[in-house]
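A quick write-up on the structure given underneath.
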Amino acid sequence: MLRGPLGRAPQAVRTALERLSRDRVVRRRLPPELGGHTLLVSPDAAMKLWRRDLRQADPLLFRMARELVAPGATVWDIGANVGLFAAAAAFLAGPAGRVLAVEADDWLADLLRRSAGTLPPGQAPIEVLSAAVGGTVGVADFLVASRGRAASHLASVAGSTQAGGVRSARKVMMVTLDWLLGWFPPPDVLKLDVEGAELDCLRGAARLLARRRTTLLCEVGAGNAAAVGDLLAAAGYALYDANQPLAARQPVALPAWNTLAIPAASGARPAG
């Protein structure tokens with residue numbers, strides 16, 4: 001989610017770094033303003049995680065966590081990857097909050113579980129579910145990206161050019177967002193980063209969206225933008241470009257790459 005390039009390294013250098021990153025696990029600290037807790041992450045998910053300062057790795061992700069997650073909030077992180085957003089949310093939500101992190105890649109989900117198991121007292125617990133999220137409940141084919149695992153995706157969607165091909169394929173359980181409502185408290189904040197499957201996920205969230213209480217931060221590919229915009233508008237959501245500074249943010253008709261969707265009926269605005 002909210003990704004950016006790791007500089008303009010020559011292809012040979014980048015290929016060598018990608019090979020060095022395979023299955024590599026490193027420790028990185030959250031920014032002090034987000035608790036400073038140490039997480040287990042992997043540059044095999046994204047090479048930007050070689051950076052020691054996580055604020056440089058994903059500044060927008062952390063900015064949106066600070067903006068959206070209030071004390072006591074329930075947060076769902078769908079497509080959680082190594083758990084940067086989930087861990088930031090756990091700190092911000094505090095002991096009265098709850099965090100659900102859903103990740104289809106079981107290798108990354110295991111890292112996330114290990115990080116979640118070391119959270120200090122005073123933070124929201126992180127529950128980790130290794131599953132894909134889509135439009136139906138069943139079994140799906142999941143493709144692990146040749147380059148960074150963050151670009152892994154369901155075989156039913158095209159994914160992104162960041163995948164660089166397929167490393168391996170595996171069967172995974174797939175659930176819907178509405179199915180999750182039967183097992184976990186409904187979210188106040190939902191982060192959705194599913195590499196091209198966002199339209200299917202939202203089609204499987206009719207009950208959740210009808211509540212009009214959940215703020216949604218969603219990565220939306222260009223091919224899905226029109227349909228996602230129509231779906232969210234019909235559900236009573238106002239759309240914003242999350243990349244825009246809060247003070248300058250205005251509603252948009254078409255979802256941006258990083259879309260912030262807020263229930264329009266509530267009259268709510270992004271909170272600072």
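Of note:
- Remark: pairs (first residue in the range 114-129, closer than 19 Å to VAL26 by Cα and basic (Lys, Arg); second residue modelled with pLDDT of 95 or more and in a loop (DSSP other than H, G, I, E, B); Cβ separation under 8 Å; 6+ apart in sequence or on different chains) are absent.
- Annotation note: of ARG28, ARG66, ARG24, ARG52, the sole residue that is touching an Asp or Glu at 6+ places or on another chain (Cβ under 9 Å), on the phi < 0 side of the Ramachandran plot, assigned to a loop (DSSP other than H, G, I, E, B) and among the basic types (Lys, Arg) is ARG24.
- Residues satisfying the stated conditions in the range 32-49, i.e. under 18 Å from the mean Cα position of the chain (by Cα) and outside any helix (DSSP H, G or I): LEU39, LEU40, VAL41, SER42, PRO43, ASP44, ALA45, ALA46
- Candidates GLN123, GLN162 - the one that is more than 21 Å from LEU60 (Cα to Cα) and of a type in the set (S, T, N, Q): GLN123
- Among residues of the range 214-239 that are more than 20 Å from TRP76 (Cα to Cα), those with a beta-carbon under 6 Å from a residue that is in a helix (DSSP H, G or I) and among the acidic types (Asp, Glu) at least six positions away or on a different chain give the pairs ASN224/GLU198.
- Residues of the range 79-102 that are part of a loop (DSSP other than H, G, I, E, B), aliphatic (A, V, I, L, M) and crowded, with 24+ Cβ neighbours inside 10 Å: ALA80, VAL82.
The values are calculated or read from the model by the stated rules, or taken from the named source; none is laboratory data. Note that the structure is a prediction, hence the values are computed from the model and not measured. Neighbour counts run over all protein chains shown; Cβ positions are idealised from the backbone, glycine included.
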